[in-house]
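Nothing in this text is a laboratory measurement; each read-out follows from the coordinates by a stated rule. Only a predicted model underlies this, so the values are computations on that prediction, with no experimental measurement involved. Here the Cβ is made from the backbone with ideal geometry for all residues, glycine too, and neighbour counts use every protein chain on show.
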Amino acid sequence: MKKKIRVRFAPSPTGPLHIGGLRTAFYNYIYAKKYNGDFYLRIDDTDIKRNRKEYIKYILKALKWCKIKYNKGYNINKNRKYIQSKRYDIYKRYLNYLIKNKYAYYAFETKKELNEYRKNKNFIYNFLTRHKLNNSLNKNNKYIKKYIKNKKFVIRLVIPSNINIIYKDEVFGNIEINTKEIDDKIIYRSNNKPTYHLASAVDDHLMKITHIIRGKEWLSTTPIYIILYKYFNWTIPKFIHLPLLLNNKGKISKRFNYNNLPIYPINYKNLVTNNSYKSNGFFRNVFIYILALLGRSDLSEYKILNLKKIIKLFSLKKINKSDIKINYKLFCSINRNYILYGNSKNINYKLYLFLKKKNNNNIKKKIIYKIINLTKNRISLINDIWNVSFYFFINPIKYNIPKDIIKYINTNYKDIIKFIKNNIIFFFKKKNIKYNNINNYIKNINNINLLKIIRLSIVGELVGINLIDIIYILNKINKKIIIKRLKNFKKFIYQYKNF
RNA sequence: GGCCCAUUAGUCUAUUGGUUAGGACGUCAGAUUUUCAUUCUGGAAAUAGGGGUUCGAUUCCCCUAUGGGCUACCA
């Protein structure tokens with residue numbers, strides 16, 4: 001019988017989860033979904049100096065937004081079992097086994113001493129050097145006991161001497177690393193806490209993890225994990241390493257810029273930013289697609305697929321090996337593509353929710369939807385809708401007038417005032433103005449500059465949707481708006497008649 | 001420095017021994033649009049370099065270069 005697949009996502013809460021971490025979580029999730037397996041969430045918080053509870057919350061929130069659901073695992077309210085800081089007793093039991101079988105030993109060097117050794121760049125704490133160093137392999141029992149009693153020790157894993165550890169990665173193929181390159185890794189610190197290597201190996205075994213899906217940065221550290229598994233005589237899981245996500249400067253980190261955005265806005269100590277994928281206006285399903293895209297060579301067709309299809313198409317063979325540079329602009333255009341061709345019901349609703357917050361004049365829902373339909377083909381992110389539709393909600397704040405129009409206003413000042421007063425305003429004072437009336441009126445003006453001036457007075461700038469639509473909608477919202485704006489503009493050019 | 005991994009246009013990638021090296025975003029030009037956007041048409045643009053193996057190499061091997069990761073009492 002085939003063993004049930006079980007994967008885990010095991011972030012360490014030393015910073016807000018970034019897109020790279022989320023991508024790892026997502027790949028674990030879809031892998032489990034694809035093969036009907038389990039997906040667990042574990043919090044690997046063995047780095048007690050850098051861990052923060054806020055980051056655990058952040059991780060959970062980010063997973064939730066992306067709808068990455070786990071079968072079992074850490075839950076801030078209910079289940080706190082899947083967190084390593086609550087499992088120290090367990091690790092200690094396994095540690096004792098390693099010591100008893102001479103797979104691990106006590107070492108007594110201070111950090112200072114180690115730094116001294118490391119000034120020689122070739123220094124490695126392993127089979128070549130350990131017999132000369134200050135550890136329980138070389139010292140008598142009395143000495144060892146004294147150090148252990150004073151808690152001045154770490155425990156190191158015995159890395160076997162000069163053998164090639166070969167393992168198969170499902171993405172990268174066979175990886176071969178000689179043990180002479182590897183330190184006898186510290187698996188237990190002087191503060192009585194295990195390090196990641198021990199804790200994660202033990203947990204992965206106890207949780208019966210069958211596949212380890214994580215970032216490529218672990219590729220050369222995997223032998224340590226394998227050695228531990230062999231000492232315990234456990235079944236080694238399969239490894240699936242994912243290409244790294246890079247920003248312009250290298251591996252993405254907790255420092256944010258536009259190519260390295262957080263998922264959610266964060267405000268924690270000196271980590272403050274309002275920008276994030278969510279708050280900048282990415283659609284959830286687009287963001288999920290982007291996560292899938294980062295590392296999959298089969299998803300370059302530029303159609304936004306839903307989760308079901310992403311899972312259906314998933315194949316280890318299609319995971320690429322080379323690292324991926326985050327390209328925020330590309331992400332934006334994927335979002336834009338979705339707005340243009342995606343599920344318009346969902347899109348319009350989200351855009352409506354955004355505009356609703358800004359709607360101070362109680363513009364009717366129906367009209368807002370109309371505005372959305374007219375403007376949404378010119379935006380990339382949800383938030384952009386304001387930039388292209390603000391003039392329906394507020395009067396123009398400033399007039400963005402190009403030089404040639406300034407010149408035109410200066411030379412034809414009197415005629416323009418006259419035109420506004422006697423022609424346009426006169427037109428808008430009529431009752432029951434229909435779309436066709438506006439259409440005919442505008443078409444008959446037949447003077448590009450005057451049309452531009454009408455647009456300027458209403459919108460504040462020369463870009464935007466069809467002028468007839470703008471006028472029609474504004475007139476529907478409130479008959480007085482256009483007249484008011486025309487008068488404002490008249491006042492404005494009167495003030496600045498010599499630009 | 002050592003070890004590991006990668007290298008196709010600006011970016012994401014297709015082609016795993018025979019293709020005029022394909023697509024998407026971006027970019028440029030034209031048409032449409034009173035403007036902008038959309039839409040349509042078209043253009044420029046890549047197998048990092050050098051050696052092998054082969055009738056033939058983007059594809060396999062080696063070297064170099066570049067990028068990235070690891071080399072922590074971080075994960």
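Okay, here's what the table says:
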| quantity | calculated |
| --- | --- |
| Helix axis angle, A:328-341 relative to chain A longest principal axis, alpha carbon, degrees | 60 |
| Helix-only [θ]222 nm of chain A, DSSP H runs n ≥ 4, -39500 (n - 2.57) each, per residue, nearest 500 | -13500 deg cm²/dmol |
| Alpha-carbon centroids, the stretch A:77-117 and the stretch A:8-68: separation in whole Å | 23 |
| Cα-centred dipole magnitude for the stretch A:257-409, charges only on beta-carbon of K, R (+1) and D, E (-1), debye, nearest 20 | 440 |
| Fraction of beta bridges assigned by DSSP in chain A that are antiparallel (%, nearest 5) | 60 |
| Modelled FRET efficiency - R0 30 Å, residue A:432 with residue A:353, Cβ distances, 0.05 increments | 0.35 |
| Point-to-point label distance, residue A:77-residue A:114, nm (Cα→Cβ direction, 7 Å offset) | 4.2 |
| Cα long-axis angle, helix A:88-100 against chain A (0 to 90 degrees, to the nearest 10) | 40 |
| Cross-link table A:329/A:357; A:78/A:102; A:139/A:193; A:33/A:318, entries beyond 28 Å C-alpha to C-alpha | A:78/A:102 |
| Chain A: angle of helix A:222-232 to the longest principal axis, Cα-based, in degrees nearest 10 | 40 |
| Residues A:398, A:81, sorted so that the one with the fewest Cβ neighbours within 10 Å comes first | A:398, A:81 |
| Cα gyration tensor category, rounded, prolate or oblate, for the stretch A:1-52 with a/c compared to 1.5 | oblate |
| Chain A: C-alpha gyration tensor shape, a/c 1.5 cut-off, then a/b vs b/c | prolate |
